[in-house]
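The structure appears right after this line, and notes come after that.
The values are calculated or read from the model by the stated rules, or taken from the named source; none is laboratory data. This is a predicted model, so every value here is computed, not measured. Cβ placement follows ideal geometry from the backbone for every residue including glycine, while neighbour counts extend to all protein chains displayed.
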Amino acid sequence: MTWLVPDSLWWDGRLRTGVALRDGRAVALAEVPPGAERRRLPGTVLPGLGDAHVHSALVDVPTLHAGGLAYVWDLGGVPEKVAALAARHPWVRYAGPFLTAPGGYPTDRAWAPAGSCREVRSAADAHDAVGEAHAAGATLIKVTAHAGAPMLPAATTRAVVTAAHALGLPVVVHAEGPGTVAGAYEAGADLLAHTPWTEAVDPALARDCAGRMTWISTLDIHGWGTPTPARGTAIGNLRLFLGYGGKVRYGTDLGNGPLPPAINPRELRALQEAGLTPPDLLAAMTEPGRPELSWLPAGLDLDPATFAASLATARVLGPGVQPRHIAGP
Ligand SMILES: [Zn+2]
C-alpha cells in the first residue's frame, strides 16, 4: 500500500503538516517505514466531501464525481435502478423508494419515475416495505409527509421507523407543511431531508429535534441564489436548530432545479449565514468511516470570506490522479 504525502492533511477536524496517510490513518512522516512507496501531492488531502441529498434519476451521477463530490446519498428512486447504479459506483449510498401514503407525495409529481414510490397501506405493510428496501441494498429509509397530499397515519410512520431501526437503518423524512416536522420527530425519525422551510419551527420543537436529529440542509433550492421568503425561513430554522446543538449535513437535492452538478458554493454560503464556520462545513460534508478522499490542489483555505469558492475547487482523489513515486528517505 502506498502512503499519501500531501503538503497538508485535514483529518479529525484539524489541519496538519508533516504527515502521511494510509488506510484512513494519519501518521507523522517520520513513522513511514524507510523505502515505503509514497505518493506526493501538492495542496491538501481531506476526507471525501459529499452531498447527502441527490436523486440519481434526475441528475447524471458520474458527472457529480467529476464535479468534486466524493460520495452522494440518493434519497429516493427506483430501487433496482439505484441499486444497479451503486453497484457500478460504490460511492452512492441510497434509500431506495419513497415510502408514502396511497396517493401521497410524490406519487402525483411528473418528476417521480414509475416505481420510485412504495405506497404503504398499514403498519404491517410498513414492515414489508422497509424489508423490501433493505433487500434492495438501501442503507437509509426515506419517508414522505407532505401536508398538501394524503399522509401516512402516525402509527404507520412509527412502524416504518421501528422496522428500519431493527435493521440498523436511519430514517429520513421529507417534511413539508404544518405539523410534518413534529410528526417526523414524534415518529422517531433520524433525519429531515430538508431544513424546514414552509413555516418557522417552534423553538421547543427545534430544541427537541436538535437533541436527536440531523437535518440535511438544502438551502439553495430556495431561489438558487436569489433570496426568497422560504430561504429566509429555512436559514432562521437552521440557526435555531444549530443553536440548540443540532447536527446538519450538507445536501442540495441535486436533480431538483438548476443546481450545479458539483459542490455548490451557494449552499455553503447559505450554511455560513446559518452560523456554520469552515470547520463546521467540512464536518457537515464528510462522513466518518467512508473510504473516499478529496483533494484541494491549491490547499485548504479556511478564511470564511473565500472558503466556499475555494472548497468548490475540490477534486475526488481517485485513480485518475496519477501517483508520483519518490524514493523513501
Ligand atoms: Zn429530494
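So here's what we get for this one:
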read-out	value
Residues being surrounded by fewer than 16 Cβ atoms within 10 Å (Cβ to Cβ) and within 30 Å of Cys117 (Cα to Cα) - total across the stretch 1-60	1
The stretch 182-221 - residue that is aliphatic (A, V, I, L, M) and within 16 Å of the ligand (Cβ to nearest atom) and, of those, nearest to Gly76 (Cα to Cα)	Ala193
Strands (runs of 3 or more DSSP E) lying entirely in the stretch 1-88 (those with 2 or more residues that are under 21 Å from the mean Cα position of the chain (by Cα))	3-11, 38-47, 50-54, 71-74
Residue within the stretch 219-230 that is surrounded by 16 or more Cβ atoms within 10 Å (Cβ to Cβ) and within 30 Å of Leu15 (Cα to Cα) present	yes
For Asn256: the one exception among (1) over 30 Å from Pro6 (Cβ atoms); (2) away from the ligand (no atom under 16 Å from the Cβ); (3) modelled with pLDDT under 95	(2)
Which listed residue, of Ala138, Ala129, is assigned by TED's automatic domain parsing to the domain that holds Val78, closer than 29 Å to Glu287 by Cα, of a type in the set (A, V, I, L, M, F, W, C) and not in a loop (DSSP other than H, G, I, E, B)	Ala129
Single unsatisfied condition, Pro90 versus (1) within 15 Å of the ligand (Cβ to nearest atom); (2) under 29 Å from Thr313 (Cα atoms); (3) surrounded by fewer than 22 Cβ atoms within 10 Å (Cβ to Cβ)	(1)
Val120, sole failed condition from (1) over 24 Å from Ala149 (Cβ atoms); (2) free of Cβ contacts under 8 Å to residues at least 60 places away in the same chain	(1)
First in the stretch 255-276 and more than 13 Å from Arg231 (Cα to Cα), second anywhere and of a type in the set (S, T, N, Q) and within 16 Å of the ligand (Cβ to nearest atom), Cβ under 6 Å, 6 or more apart	Leu259/Thr252; Asn264/Thr252
Helices (runs of 4 or more DSSP H) contained in the stretch 169-252 and holding at least 2 residues within 21 Å of Pro97 (Cα to Cα)	180-187
The one condition in (1) in contact (Cβ under 8 Å) with a residue 24 or more places away in the chain; (2) surrounded by 20 or more Cβ atoms within 10 Å (Cβ to Cβ); (3) within 16 Å of the ligand (Cβ to nearest atom) that Asp108 fails to fulfil	(2)
Total residues in the stretch 283-297, condition in a helix (DSSP H, G or I) and within 13 Å of Ala70 (Cα to Cα)	1
Counted residues, the stretch 133-160 - those being under 17 Å from Glu186 (Cα atoms), surrounded by fewer than 24 Cβ atoms within 10 Å (Cβ to Cβ) and within 20 Å of the chain's Cα centre (by Cα)	0
Of residues in the stretch 29-50 being at pLDDT 95 or above and touching a Lys or Arg at 6+ places or on another chain (Cβ under 9 Å), the one nearest to the ligand (Cβ to nearest atom)	Gly50
Where Thr162 falls short, out of the listed (1) among the hydroxyl-bearing types (Ser, Thr, Tyr); (2) assigned to a helix (DSSP H, G or I); (3) within 14 Å of the ligand (Cβ to nearest atom)	(3)
